[in-house]
Amino acid sequence: MKRSAAAATLSLFACAFLALPAQAKDKDAEFFQTVEGQWVGPGEIVAGKYKGTKFVCTLDGTTPAEKAGMTLDGSCRVGIFNQPMKATIVRAGNSYKGSFLDGSAGKGLDITGGNVSGNRVVLAISRKQLNGAMLAKFNDDNTMNVTISVRLEEALIPVVGITLKRVDARAVGSIAKN
């Protein structure tokens with residue numbers, strides 16, 4: 001009797017121990033969940049042909065139910081003109097894939113890789129001969145800075161900067177600062 005009770009206890013312990021990795025928190029998914037909600041903020045083109053152009057974006061952040069990732073969908077306004085904006089990112093293996101607008105096959109960019117580290121995500125972007133990076137960083141639970149840079153020879157040159165503020169009452173958990 002003592003042996004079967006001990007075996008049952010050991011069996012329960014082993015099952016609980018083996019189940020731990022499946023229950024471990026997915027830090028990337030937690031990061032992207034903080035993007036959920038409504039965001040508004042100004043941006044500026046800081047390099048290139050349209051340098052100095054200022055705009056304001058209104059975006060809704062959502063996350064997929066089954067994978068780590070996010071979608072920011074809405075529009076950016078320059079004067080009286082509105083431009084639809086949409087970025088979708090999902091985990092693909094150990095990296096990320098997605099598109100900005102309609103991807104490089106259209107007028108947008110492809111997201112070809114990336115990783116999450118603490119309070120930021122860095123994504124590789126490309127369109128034909130153009131390569132670069134998009135960095136989204138949370139300064140706090142309600143402020144997100146986005147910088148889009150392009151690669152020119154060996155350097156990444158920032159071309160667009162946006163500061164988004166959360167405008168809904170969504171409660172979010174704190175993000176680990178790096």
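Read-outs: derived from the displayed coordinates by stated rules, not from any lab. Predicted, not measured: the structure shown is a model, and the values here were computed from it. Methodologically, a virtual Cβ is constructed for each residue, glycine included, from the backbone with ideal geometry; neighbour enumeration extends over all protein chains shown.
Mind pulling up the Rg/Rh value for region 26-166? Radius of gyration and Kirkwood radius, both on Cα.
My calculation of the ratio gives 0.94.
Between ILE80 and THR143, what's the calculated FRET efficiency when r is the beta-carbon distance and R0 is 30 Å? Round to 0.05.
0.65
Compute the FRET efficiency between ILE157 and ALA65 as 1/(1 + (r/R0)^6), taking r as their Cβ-Cβ distance and R0 = 30 Å, and round to the nearest 0.05.
0.20
If you stretched the chain out fully between LYS49 and ALA169, how much longer would it get, using 0.36 nm times the residue separation minus the C-alpha to C-alpha distance?
Additional length available on full extension: 39.4 nm.
Could you list, in their original order, any pairs among LYS27/LYS51; LYS128/LYS165; LYS51/LYS97 whose Cα atoms are separated by more than 30 Å?
Check vs 30 Å cut-off fails for LYS27/LYS51; LYS128/LYS165.
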